[in-house]
């Protein structure tokens, strides 16, 4: 894909194609010629690719020609253009060849036949290639005059012996224009990430919904992605413009119309009418379009001609144009009256099928001015669609009903109802646009009443927590009782997002409910309702996917990912998070994108990929910078804290996790503080900071008392064990294991086993310690929690054998296993922090062990330890 910008060509996504062309140039430099056809649809960058290879061929003699409709009937027009710059070299050729070329260029009388001419052209190029490499570029070769095409194809077949590189471009199949014998380089549409990058680079001023519509219409076509859009083109036909399946086609700019003019070239008037009907229908039943076509005067030959064109696609009884740009060009190339007539014919054909929604859209498009009767009909059809869960189609009909409404108040009410349907269907940006229009047209109170107080839900989605309460406070006084209950629910949820308390029992609703009624995943996990919530998330994601509601699908996948990570389904969790991210990030669903990044970061932290976790958290923080949502920040800081703890850095871990209980910090949030409390307690205990550990233990105990969640009861008991002396610690550890559900929270259960096993080993109860450490290590290994598995296996090693590092012969006492490990690492020159990371203990604990080792061995420093001879294998 290439673009001309200040006379410089900029390529995106064509590295492989340029490498192929580059190899042809390299061959020509050593005398190897070749011919190649670059083939692809209009707008994919064939001309620009030829321009780029020309720019790179600085040591070549470059000859350029092109085909065109205006000169396609003029014999040898393209060949004349190509060879005219070489007229001065012709006299040096043999007489027969020179005469043939002089005749071609009208510098002399016609001489020789076509074979003689192609031989002369080949001889001229061969002579030129003997002096410097030659590159011949023929753009739009499928539009050459027949005489030039035949001659150049003949020369191309012998380009190898001439040492000349010839590159043709064509939008048609090369076999249909005499170039089928040559190797072909087929250009494809850009990958989605390449298309997003190009659109962002070339059209930085577009809003998220504008860019989303552009990407949907362009479908990877570079020209469509880069043509500057006017205001009318940006808005298209309203909030739902550009959809392939319904709605009006996205307006096509002049460059697109020019590039796709071949779609209509050579077609009869009747065939063009068929294409216009297909474009107006969008994606309809073949029978409907055929009925409309014959009612419009189309004949059977016209119908066959249209279907045999390269632009029409038939599949499963439905018909459409192959690419949204085909549809855009065909539709907007027709006069407005012809478009209205096409819509009217389609509406009439749909009457017999009972397709109310499709008929309503066609009638609306066929109607040139206000029509209240039709607006009422569309509003009634939309109500049926909402009941049948076709919310986005209902929103489109309500939008069209508003456009047809003669009364401004009724129009505003229909816009507000369209906004609510769009929100329910997951098109959040369309919902915002529609509600804004409704408020401008009919006032905030009317819009609030008709949309059931949608403004507060939208504010919550964009992270405007102050706006949530402001909007809800205003809307509660005008909505009905059912809407009032939902708005109060929204207010409570906004408070929870902001870090305030929320009654878990009242907040928790699962089953077949609207996606926004399902609990956030941290709350589902924190209240031990992860399993039923997961079923609801998955069902909601499937339903959203079937209805094409990408925003809700992304949100439900993000919720599913968080729950699955807690449940130990780590592979499924990362798969859901990545799928959510692919939907959310390019479409501007920031909340879902950040949640997905946080889950991926937490997974990376648990598996020991600390650098990856840090990078994912950085992306999450960049995305969530515009959202003032503590719940998202808390998820990010939790992942960062766990990453540090997994890496054996308890001090950094505690610093990060302490933000969760700081009400002044952006990440202060009671739910995440409870979920991460055991990690914080462990870090604080290892650092010798019982006060901080007690603060987190209080959070845990309060959460356990409020929710009766088994994981919280287990974590609180384990925290008490870590803070207790040896006389009561075991009782708390056993209580923790009894309360902890291995199947529900396998990672937490294994962590409790590890902490208990470490305590047992330190108290010299090695056989009992192994009973805890072995299953813990097995669970960590199954999950892929590598740093935790290593820690558990190290403990098993300490249990297996006493250290081989002994005191001198004058002593009988042995170092404890952990003292021996610390001493051995110290003699290698490792610092306290490096030893701590290796052994998953704090650097302060390392210092404590070394002081005991020094005292036992009678040495004063590391150097004396290494050279004392007291330690031996």
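What follows draws every value from the coordinates through simple rules; no lab data is involved. No experiment lies behind these values; they were computed from the predicted model shown. Every residue, glycine as well, gets a Cβ built from its backbone with ideal geometry; the counts of neighbours run over all protein chains shown.
Here are some notes:
- Among 747, 168, 672, a tally of other beta-carbon atoms within 10 Å of each Cβ gives an order, fewest to most, of 747, 672, 168.
- The slack in the chain from residue 535 to residue 316, taken as 0.36 nm per residue of separation less the alpha-carbon distance, amounts to 75.6 nm.
- Hypothetical label at residue 408: residues of segment 426-443 whose amide nitrogen lies under 15 Å (7 Å Cα-Cβ projection): 437-443
- For segment 713-781, the mean projected area of the C-alpha convex hull, equal to one quarter of the hull surface, is 4.1 nm².
- Contour minus Cα-Cα distance for residue 855 and residue 470 (0.36 nm per residue): 131.9 nm
- Over the chain: helical MRE at 222 nm, DSSP H runs n ≥ 4 each giving -39500 (n - 2.57), nearest 500: -19500 deg cm²/dmol
- By the count of neighbouring beta-carbon atoms within 10 Å, fewest first, 527, 698, 638 end up ordered 698, 527, 638.
- Relative contact order, percent, segment 2-186 [alpha-carbon distance under 8 Å, six or more residues apart]: 35 percent
- This structure gives Rg and Dmax of the Cα atoms in Å, computed directly, and of (1) 35.0, 114; (2) 29.8, 90; (3) 36.3, 119 that value is listed as (3).
- Computed from the Cβ-Cβ distance with R0 of 22 Å, the FRET efficiency linking residue 763 to residue 844 stands at 0.60.
- From the alpha carbon centroid of segment 260-328 to that of segment 823-854 is 78 Å.
- Report note on the peptides 281-288, 513-520: ranked by the mean count of other C-beta atoms within 10 Å, highest first, their order is 281-288, 513-520.
- Paramagnetic label zone (point 7 Å from Cα along Cα-to-C-beta, residue 186; backbone N under 14 Å) in segment 22-55: 37-41
- Segment 133-183 and segment 687-706 have Cα centres separated by 78 Å.
- Peptides 122-134, 768-780 ordered by average Cβ neighbours within 10 Å, highest first: 768-780, 122-134
- Principal-axis analysis of the Cα atoms of the chain puts helix 336-351 at an angle of about 70° to the longest axis.
- Nearest-ten-degree value, helix 208-218 long axis tilted from longest Cα axis of the chain: 50 degrees
- Listed peptides 346-352, 440-446 appear in the order 346-352, 440-446 once ranked by packing, highest mean of other Cβ atoms within 10 Å at the front.
- For the chain, the longest principal axis of the Cα atoms and the long axis of helix 46-56 meet at an angle of about 80 degrees.
- The modelled label-to-label distance for the pair residue 786/residue 662, using points 7 Å beyond Cα in the direction of Cβ, is 3.1 nm.
- Residues 331, 756 in ascending order of nearby Cβ atoms (within 10 Å, fewest first): 331, 756.
- Cα centroid separation - segment 341-356 against segment 565-614, whole Å: 46 Å
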